There are 2 protein chains.
Amino acid sequence: MIIDVHGHYTTAPKALESWRNRQIEAIAGKGHAPRADELRIGDDELRESIESNQLRLMRERGIDLTIFSPRASFMAHHIGDFAVSSAWAAICNELCYRVSRLFPDHFVPAAMLPQSPGVDPATCIPELVRCVEEFGNVAINLNPDPSGGHWNSPPLWDRHWYPIYEKMVEYDIPAMIHVSTSCNPSFHTTGAHYLNADTTAFMQCLTSDLFKAFPTLRFVIPHGGGAVPYHWGRFRGLAQELKKPLLADHLLHNVFFDTCVYHQPGIDLLTRVIPVDNILFASEMIGAVRGVDPETGHYYDDTKRYVEAAHVEAGERRRIYETNARRVYPRLDQRLNAKGH
Amino acid sequence: MIIDVHGHYTTAPKALESWRNRQIEAIAGKGHAPRADELRIGDDELRESIESNQLRLMRERGIDLTIFSPRASFMAHHIGDFAVSSAWAAICNELCYRVSRLFPDHFVPAAMLPQSPGVDPATCIPELVRCVEEFGNVAINLNPDPSGGHWNSPPLWDRHWYPIYEKMVEYDIPAMIHVSTSCNPSFHTTGAHYLNADTTAFMQCLTSDLFKAFPTLRFVIPHGGGAVPYHWGRFRGLAQELKKPLLADHLLHNVFFDTCVYHQPGIDLLTRVIPVDNILFASEMIGAVRGVDPETGHYYDDTKRYVEAAHVEAGERRRIYETNARRVYPRLDQRLNAKGH
């Protein structure tokens with residue numbers, strides 16, 4: 001079985017974006033905020049948006065199942081206040097839940113949180129609870145920078161975030177650390193902000209003792225870990241300067257990297273440097289990079305091709321594709337066990 | 001000849017830091033700002049600080065010459081106003097110049113600029129001119145985020161920066177794009193902020209047509225280009241989405257990466273992915289990572305070992321070590337030619 005731990009609903013029907021635009025206009029004083037029940041998307045529309053896009057590519061590439069969360073760039077936690085984020089997160093999470101009901105063998109939901117800059121993350125707990133208990137979500141996406149590129153929240157080791165971590169530990173769910181759209185003109189969203197956030201989050205873990213406080217807390221750092229594996233020697237050396245334990249002991253029970261790296265040399269480095277048990281297959285398809293690589297004739301984001309060609313043994317590849325995901329996402333494992341997988 | 005294009009004066013005598021501390025205290029209203037001539041460091045002290053540190057390691061490792069600039073983390077452009085940065089840059093640049101006079105065969109100076117948040121970069125021109133014309137500097141370090149982690153300056157493609165670029169073109173000198181200390185608690189200085197800045201700067205170049213406006217402008221992206229080479233497929237794909245030319249045509253006449261990547265797999269990826277003519281040997285020694293790697297028994301920042309072991313031919317290695325640097329830093333080349341090298 002091949003599990004893609006990083007998929008977003010980037011192909012939702014246009015009605016979703018229109019609803020969001022009305023919500024944003026209302027913040028600016030233009031018209032009334034739409035009610036949740038004003039968004040009407042039928043099952044056929046959902047089915048079509050998935051079957052002709054993600055599911056089609058999953059079938060072509062041989063991916064069985066995707067952990068599926070709302071579109072990352074659309075989370076845009078910097079827009080409006082908590083009420084705005086709350087209404088928006090509820091709608092987006094419900095759509096991913098519906099996709100998971102329509103395609104129960106292929107999509108398992110992960111939740112976005114109704115984060116808002118300067119607002120206590122504890123306010124996200126009710127939505128998190130609903131997504132896990134009612135919708136069967138197996139993970140959350142946690143945005144370390146709800147400001148969208150101004151980076152004015154406390155670092156991930158700060159007690160600010162503990163309410164989320166306590167609930168994650170209670171439910172035994174991991175968080176993918178994933179920012180959203182940058183509203184800072186310095187940072188291109190998918191070319192700089194995403195990768196910077198990955199590196200920043202990792203370093204916040206490295207400098208702290210967060211995983212002593214929460215030994216079972218698990219973070220998935222997307223986009224192949226940002227700059228981290230490429231600079232693994234630098235990070236090992238910095239941990240040494242800071243008198244931290246070896247990274248294997250300090251972090252690697254808790255931090256995992258996905259394979260969203262869109263060329264063969266990157267995946268080769270990732271699998272050479274990072275222990276195989278810390279690598280989770282993913283493609284973030286359909287996402288930031290949708291084209292065909294003229295150097296290979298294949299889609300950049302067809303990461304399975306790179307993993308197939310990487311120098312790992314068959315047993316190791318199986319861990320990257322399936323076993324690690326089932327260990328890091330125990331609620332996914334339970335679901336699969338219940339289905340006899 | 002082996003040229004290290006990325007060295008900072010991290011080992012300056014303590015008197016320098018004391019002077020700076022007095023300057024910073026004066027900003028906070030404690031005492032008077034020190035005058036420049038209150039800093040007294042003798043030639044013997046300078047000599048000792050270099051001979052026992054950088055020059056000792058250069059000799060041990062077989063590095064002939066270092067392009068030497070003021071300590072990056074000490075630039076701290078976010079402290080005080082333009083007058084503060086101006087006094088501080090003048091002092092730091094003068095010290096590097098003196099080092100280059102004491103060790104003319106081994107150190108060639110590059111300048112820090114007296115940048116200050118919100119201040120027109122044109123104010124940096126007099127110091128730049130002094131450093132090139134009086135001190136023989138062959139390059140500058142340009143900080144794309146003088147705020148120290150708040151990223152509130154315009155992107156590098158903005159006309160805001162053009163006065164600097166015009167002077168760079170006139171003098172035919174490159175800029176290393178190098179941030180300084182982070183005062184944003186989200187970002188660890190050397191583990192996150194530096195690498196993020198590298199990635200951010202590259203992406204600012206990618207999304208813009210800066211090098212159409214300045215065809216001979218040259219940027220060196222340090223720390224192996226941040227996350228860029230590891231994600232080269234992502235960047236190629238993003239350029240394609242943005243309808244930009246192939247990166248080789250769009251950027252690679254103007255953007256160069258150094259080899260400050262502190263483990264073998266990183267250098268192997270860099271040399272596999274980036275054309276050899278865009279790679280400049282560097283170690284940033286003595287810098288962020290000073291320890292010995294227990295996995296190899298050698299210093300993390302002994303990057304020459306990695307370049308020696310990389311799969312590049314002897315002729316290519318010579319370009320990484322010397323020829324590329326002489327092409328990208330023509331004033332260095334002139335100096336070396338004048339000495340018969």
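Just so it is clear, none of the values below were taken in a lab; they were calculated from the coordinates. Nothing here was measured: the structure is a model prediction, and the numbers come from that model. Don't worry about glycine lacking a Cβ; one is built from the backbone with ideal geometry, like all the others, and counts go over all protein chains shown.
Let me know the longest stretch in chain A that avoids all GluC sites (Glu not before Pro) found in a DSSP loop with at most 12 other C-beta atoms within 10 Å. Could the numbers behind the result be given before it?
On the way: sites that count: A:Glu134, A:Glu295, A:Glu313.
Answer from the scan: A:135-294.
Rg to Rh for the stretch A:27-109: what is it, with Cα atoms only and Rh by Kirkwood?
Values: Rg = 15.0 Å, Rh = 14.3 Å.
Radius of gyration over Kirkwood radius for the stretch A:27-109 works out to 1.04.
A simple spin-label model places pseudo-atoms 7 Å from Cα toward Cβ; at B:Ala314 and B:Lys14 they are separated by 4.9 nm.
Restricting to bridges with both residues inside chain B, how much of the DSSP beta-bridge set is antiparallel, in percent to the nearest 5? So the antiparallel bridges in chain B amount to around 10 percent. In the protein assembly as shown, helices alone account for a calculated mean residue ellipticity at 222 nm of -12000 deg cm²/dmol, with every DSSP H run of four or more residues adding -39,500 (n - 2.57). Once the C-beta distance of B:Asp120 and B:Arg22 is scaled by a Förster radius of 35 Å, the resulting FRET efficiency is 0.80 to the nearest 0.05. Whole-Hz Karplus values for the stretch A:322-331 come out as 9, 4, 4, 4, 5, 7, 6, 10, x, 5 Hz, taken residue by residue from phi with 6.51 cos²θ - 1.76 cosθ + 1.60 and θ = phi - 60°; glycine and proline positions read x.
Distance from the Cα centroid of the stretch B:104-160 to that of the stretch A:19-39 is 46 Å (rounded to whole angstrom).
Give me the percent of Cα-Cα pairs in the stretch A:130-179 that sit more than 14 Å apart, rounded to a whole number. Counting pairs separated by more than 14 Å, the tail of P(r) holds 56 percent.
The 3J(HN,Hα) values that the Karplus relation (6.51, -1.76, 1.60; θ = phi - 60°) gives for the stretch A:217-234 are, in residue order, 5, 10, 10, 9, 9, x, 6, x, x, x, 8, 5, x, 4, 10, 4, x, 4 Hz. Gly and Pro appear as x.
The H on the amide N of B:Ser182, modeled in the peptide plane, is under 5 Å from the matching H of B:Thr189, each at least 5 residues off or on a different chain. Only alpha carbons enter this Debye calculation for chain B, each as an equal point scatterer, and the log10 of I(q)/I(0) it gives at q = 0.07, 0.08, 0.12 Å⁻¹ is -0.26, -0.35, -0.82.
Please figure out what share of the DSSP beta bridges in the protein assembly as shown is antiparallel and state it in percent, rounded to the nearest 5. Don't skip to the end; give the middle numbers.
Values: 4 of 44 bridges.
If we restrict to bridges inside the protein assembly as shown, about 10 percent are antiparallel.
Listed cross-link partners A:Lys243/B:Lys304; A:Lys167/A:Lys212; B:Lys167/B:Lys339; A:Lys14/B:Lys243; B:Lys167/B:Lys212; A:Lys244/B:Lys30 are compared with a 28 Å cut-off, the Cα-Cα value being larger for A:Lys244/B:Lys30. Here the 3J(HN,Hα) profile of the stretch B:261-269, calculated from phi with Karplus coefficients 6.51, -1.76 and 1.60 at θ = phi - 60°, is 10, 9, 7, 4, x, x, 5, 4, 5 Hz, Gly and Pro shown as x.
The distance from the alpha carbon centre of the stretch A:302-341 to that of the stretch B:271-341 is 39 Å, rounded to a whole number. Could you work out the local net charge near B:Ile164, counting Lys and Arg as +1, Asp and Glu as -1, over the other residues with Cβ closer than 13 Å to its Cβ? Its environment carries a net charge of -2. Dividing the Cα radius of gyration of the protein assembly as shown by its Kirkwood radius returns 0.98 for Rg/Rh. A label point on B:Glu133, set 7 Å along the Cα-to-Cβ line, lies at 7.4 nm from each of its counterparts in the other copies, closest listed first. Distances from A:Glu313 to itself in the other copies, using label points 7 Å out along the Cα-Cβ axis, amount to 3.7 nm in increasing order.
For B:Arg290, the distances from its label point to the matching points in the remaining copies are 5.1 nm, ordered from shortest, with each point set 7 Å beyond Cα toward Cβ. Based on the Cβ-Cβ distance from A:Asn337 to A:Arg305, what FRET efficiency comes out when R0 is 25 Å, to the nearest 0.05? For A:Asn337 and A:Arg305, the calculated efficiency is 0.25. Per residue of A:320-332, other chain Cβ atoms within 10 Å of the residue Cβ number 0 on average.
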